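Q: Encoded as structure tokens, here's the structure I'll be asking about.
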Amino acid sequence: MFQKPPAPEQYDTLADTSGYARPTDDFGEATFGDPIENLEKLRQMLIDKRRYLAQDVMTYPVVFLGRAQDIADVQSLLNSLEQAIAHEKALRGF
């Protein structure tokens, strides 16, 4: 009846478009027209997530190693996002 989902390392997130937001979806305040603004908003969300992870370590020190890895993963995403923002700005001639 139900199939077991693929292992996380085998799941192709980019190929699965079923979860992507569309312009007709309503998620509250959002910027749909400007890719740079969307990327900058995503960057701020990741910065907030990094801060929450650090706060979690201060509240629950026993999780410090796992949270350190989580922060490293978020930082990797932030670095890639910075490159994407710079690329979009270069395309516009900024």
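Read the figures in this text as sums done on the coordinates, not as results from a lab. No experiment lies behind these values; they were computed from the predicted model shown. Cβ sites come from the backbone with ideal geometry, for glycine too, and all protein chains shown count toward neighbours.
Q: For segment 31-92, report the convex hull volume of the alpha-carbon atoms normalised per residue, in Å³, without decimals.
A: Hull volume over Cα atoms, normalised by residue count, gives 61 Å³.
Q: Same structure again: Dipole magnitude of segment 31-92 about its Cα centre, charges +1 at Lys/Arg Cβ and -1 at Asp/Glu Cβ only, in debye to the nearest 20? Intermediate values should be presented prior to the final figure.
A: Details: 8 positive and 9 negative charges, 18 e Å.
So the magnitude is around 80 debye.
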